[in-house]
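The next block holds one structure in the form of structure tokens; read it before the comments.
Each reported figure results from applying straightforward, stated rules to the coordinates on display, with no laboratory input. Note that the coordinates shown come from a computational prediction; the quantities given were computed from them, not determined experimentally. Note that we place each Cβ from the backbone using ideal geometry, even for glycine, and neighbour counts take in every protein chain shown.
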Amino acid sequence: MGVTRTPLIAGNWKMNLDHLQAVALVQKLHWSLKDAAHEADSVDVTVFPPFTDLRSVQTLLDADKIPFGLGAQDLSTHDSGAYTGEISGEFLAKLNCGSVIIGHSERREYHAEDDAVVAAKVAQALKHALVPVICVGETSEDLEKFGASAVPVAQLEKALESASATSEIVVAYEPVWAIGSGQAATPEQAQEVCQKLRDVIREKLGEDAAERTRVLYGGSVKSGNIAAFMREPDIDGALVGGGSLKVDEFSAIIRYQKHVGV
Ligand code: 13P
């Protein structure tokens, strides 16, 4: 038996919640988990607020000793310089961000981020000791043409070019057709692709990295379906969009271990 991977429930808030709303949500989520006597050690929780919220959320997490990780939704391929509007990994590390989402399908689609840009961003994250949360996933056209795993596997192979056997990374399988659609993949479909993604990690970074790296599923995750995903052997957590914006729903997703039948 290999290492046990601590489950990770991550909330990608996308372009939602200003800094005041962000602080209120984090505080309420913390209280909700405390009220439910949730054991913080059993599941890692990380929130990914917009850039403008990061400082406020970091201050709150520190001051109230709230055991959530903090991450950003993107970073620049550069360290500093004349890149108007960009945010460097160095700045994120200074704000105690531990991780950063890279290659989300919304960045790939609306900001024309290709695999080369994604690989460069992964290199930047690793350089600044941020854990890259590498997002991969197929569109519905890809699914029809190539099946579920070909595109995410190819995306991950390219994204890992700068990673090494000791790099700490997280991989998120997010089928584009499942994001925000209310139509999640089935746990079996997601397991099949997540297993193939773990094989890519094994080939590129070795057995130890494959055993230790958390592979998440994302796409219409809710409190009603999370437990079924988490029963799959190669799914170690979830990257949650809409469901992470409401306290009660996100709290229930985090407490999936208490759901009936798990
Ligand atoms: P939804 O949970 O809203 O489908 O979004 C998933 C996602 O894109 C997380 O990064």
Around Gly69, which amide H atoms from residues at least 5 apart in sequence, or from another chain, sit under 5 Å from its own amide H, with H modelled in the peptide plane? Val45, Thr46, Val47
Could you give the dipole magnitude of the chain about its Cα centre, charging the beta-carbon of Lys and Arg +1 and that of Asp and Glu -1, in debye to the nearest 20? 600 debye
Counting sequence-distant residues (5 or more places) and residues on other chains, those with an amide H built under 5 Å from that of Ala238 are Leu8, Ile9, Ala10, Tyr217
Distance in nm between Ser162 and Glu86 label points, each 7 Å along Cα→Cβ, equals 1.1 nm
How long are the three semi-axes of the equivalent ellipsoid of region 56-138, in whole Å, if each is the root of 5 times an eigenvalue of the C-alpha gyration tensor, listed from largest down? 23, 15, 11
How long are the three semi-axes of the equivalent ellipsoid of region 131-211, in whole Å, if each is the root of 5 times an eigenvalue of the C-alpha gyration tensor, listed from largest down? 23, 12, 12
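Below 8 Å between Cα atoms, with a sequence gap of 6+, how large is the relative contact order for region 153-243 in percent? Walk me through the numbers before you get to the answer.
Details: 145 pairs, mean separation 32.0, N = 91.
Contact order relative to length: 35 percent.
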Could you derive backbone 3J(HN,Hα) for region 249-257 from the dihedral phi with the Karplus parameters 6.51, -1.76 and 1.60 (θ = phi - 60°), listing whole Hz in sequence and x where the residue is Gly or Pro? 5, 5, 4, 5, 5, 4, 8, 4, 5
Would you grab the residues whose amide H sits under 5 Å from the one on Thr139? Only those 5+ places off in sequence or on another chain, please, with H modelled 1.01 Å from N. Val176
Considering only Ala184, Ala125, Ala172, give the residue with the highest GNM mean-square fluctuation for the chain, with springs between Cα atoms whenever their separation is below 10 Å. Ala184
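Only Cα pairs under 8 Å and at least 6 apart count here; give the relative contact order of region 55-185 as a rounded whole percent.
Working: 186 pairs, mean separation 28.8, N = 131.
That works out to 22 percent.
Do me a favour and compute the ellipsoid semi-axes for region 1-43 from its Cα gyration tensor, root of five times each eigenvalue, largest one first, whole Å.
26, 16, 5
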Once the Cα atoms of region 1-153 are picked out, what are the Rg and Dmax in Å? 16.9, 51
Quick check on the chain: helices-only [θ] at 222 nm, where DSSP H runs of length 4 and up contribute -39,500 (n - 2.57) each and the sum goes over total residues. Nearest 500, please. -12000 deg cm²/dmol
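Based on the inverse mean of 1/r over its pairs of different Cα atoms, what is the Kirkwood hydrodynamic radius of region 105-262, in Å? Present the calculation step by step, with values, prior to reporting the outcome.
Values: mean 1/r = 0.0629 Å⁻¹.
That comes to 15.9 Å for region 105-262.
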Highest-MSF residue in the chain out of Ala252, Ala163, Ala82 [GNM, Cα springs under 10 Å]: Ala82
For a label point 7 Å along the Cα-to-beta-carbon line of Asp35, residues of region 229-252 with backbone N under 13 Å: 247-252
Can you tally the lysine pairs in region 111-262 where the Cα-Cα distance is under 27 Å and the two residues are eight or more apart, or on different chains? 16
So what is the relative contact order of the chain, in percent, for Cα pairs below 8 Å that sit 6 or more residues apart? 20 percent
If you plug each phi of region 170-185 into the Karplus form 6.51 cos²θ - 1.76 cosθ + 1.60 with θ = phi - 60°, what whole-Hz ³J(HN,Hα) values come out, in order, with x for Gly and Pro? 10, 10, 10, 8, 10, x, 4, 5, 9, 6, x, 9, x, 10, 6, 5
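Could you give the length gained by full extension between Tyr110 and Lys127, i.e. 0.36 nm per residue of separation minus their alpha carbon distance, to one decimal place? Walk me through the numbers on the way to the answer.
On the way: separation 17, 0.36 × 17 = 6.12 nm, distance 2.59 nm.
Result: 3.5 nm gained on full extension.
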If each Cα of region 15-70 is one equal point scatterer, what is log10 of I(q)/I(0) from the Debye formula at q = 0.15, 0.22, 0.26 Å⁻¹? -0.40, -0.82, -1.09
Per-residue HN-Hα couplings for region 224-234 [Karplus 6.51, -1.76, 1.60; θ = phi - 60°; Hz; x = Gly/Pro]: x, 10, 4, 4, 5, 5, 6, 6, 6, x, 9
